[in-house]
Amino acid sequence: MPLPTGDTIGILTDNLRLRRSVLPIPVESAIRWTKGLNLPRGGKRVLYTGLMYQLIPYIEDLVEAQTKLGDSWLAGLTGVGRRMNRLINVAAFLAHPSKQEQEAYDRIPRNVALLLQRAGVEFGSLYEDDLYSGALAYDLGADEALRAHAQKVYAALKKHGVQEVVTIDPHTTNMLRSVYPALIEDYDIRVRNYLEVLAEAEMLPHHRLEGDVAIHDSCVFARYEGVVAQPRLLLEGAGLTLCEPHHAGTMTWCCGGPVESLYPQKAAQQAERRVEELHAVADRGVTMCPLCYVNLQKAAQDRMRFDDISDYLLQAYEG
């Protein structure tokens, strides 16, 4: 059974307020993807990860721990856990992903950086100031904590002289492009997702890929940010044949990911339904969101393979 919802939301909100993320992770884990890229610190344009991909291994460990706690007598002590968490980061004792698990997700922001360099885009990184966007707090309605956190993110961007942000995932894109302007007076940061940037660059592939892939649209991209044509343009340009499931584009089905931290069983059931629909049209699937990637991958097991869109694009467009 899930842990008590109120206390779980409280812990996540307290973390955002006190530690600048709903799930604080070590700085070295947050910036490991930058190693060897020699990206300048800050500047007018930066690649902003929002830590979404880097957080996934920690989230998975925490969800597993939540499930075990929810099935034990310890579930009744979440109120005590919240009070303890205000003094010390309890998640640090529950989430210990392996180096291999972390590297599996570090590769995706690294993929994106290499693709942008291939497209001739100049950009820097904020390194330790590349903060979580607050997306989960927004979904949970923690408005006061989110407003304060958005100001911290905006201050970090301004400190580094940022005028334009290139984002990686749909949730960070939505937060910085559509939510923050309503929270911050005179917000003046231009926000584009890397798929939009690459589609505008009109790159020619170095290697033509082959085969069919089922495309899974992110709900946030398709319904709120208008990112539907760009991933298709890039994948087809790479040589792949796109197979559209029955629910696609703005009518896409959710992967179940947004509720995983509160209702892991419900998330798993929704992911299972989506995998069945995608598998009906192809044996390989492509995602463009870290939550979609991990939830569909887990639900699919050995039935079909899922890859992040950046994996395909790097194969085709990197020299």
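Just a few scattered comments:
- Residue match in the stretch 215-229 (condition: outside the structural domain of Lys44 (by TED's automatic domain parsing) and more than 30 Å from Val162 (Cα to Cα)): yes
- Across the stretch 259-290, the number of residues qualifying as part of a helix (DSSP H, G or I) and either of a type outside the set (A, V, I, L, M, F, W, C) or modelled with pLDDT under 95 (or both) comes to 16.
- Those residues of the stretch 295-312 which are closer than 11 Å to Ile108 by Cβ and buried (at least 21 other Cβ atoms within 10 Å of the Cβ), in sequence order: Asp308, Ile309, Ser310
- Test result for Ala113, of a type in the set (Gly, Ala, Ser) and modelled with pLDDT under 95: no
- Strands (runs of 3 or more DSSP E) completely within the stretch 120-229 that count 2 or more residues being over 30 Å from His246 (Cβ atoms): 164-167, 190-193
- Checking every residue in the stretch 186-197 against the condition of being within 21 Å of Ile56 (Cβ to Cβ), charged (D, E, K, R), outside the structural domain of Gly256 (by TED's automatic domain parsing) and surrounded by fewer than 16 Cβ atoms within 10 Å (Cβ to Cβ) gives zero matches.
- Number of residues in the stretch 277-312 that are over 20 Å from Pro57 (Cα atoms) and in contact with a Lys or Arg (Cβ under 8 Å, 6 or more places away or on another chain) equals 5.
- Residue in the stretch 291-305 that is assigned to a loop (DSSP other than H, G, I, E, B), modelled with pLDDT of 95 or more and closer than 22 Å to Tyr53 by Cβ present: yes
- Check on Arg273, touching a His at 6+ places or on another chain (Cβ under 7 Å) and more than 19 Å from His207 (Cα to Cα): no
- Qualifying residue in the stretch 124-145 (condition: under 24 Å from Gly226 (Cβ atoms), at pLDDT 90 or above and polar (S, T, N, Q)): yes
- Condition met for Tyr194 (in contact (Cβ under 8 Å) with a residue 60 or more places away in the chain, under 27 Å from Leu55 (Cβ atoms) and hydroxyl-bearing (Ser, Thr, Tyr)): yes
Conditions tested, residue by residue: (1) surrounded by fewer than 16 Cβ atoms within 10 Å (Cβ to Cβ); (2) within 19 Å of Lys44 (Cα to Cα).
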residue: Gly124; (1), (2): no, yes
residue: Asp129; (1), (2): no, yes
residue: Leu140; (1), (2): no, no
residue: Ala145; (1), (2): no, no
residue: Val153; (1), (2): no, yes
residue: Lys158; (1), (2): yes, yes
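The values are calculated or read from the model by the stated rules, or taken from the named source; none is laboratory data. All figures in this text were calculated on a predicted structure; none of them were measured in a lab. Positions of Cβ are backbone-derived with ideal geometry, glycine not excepted, and every protein chain shown enters the neighbour counts.
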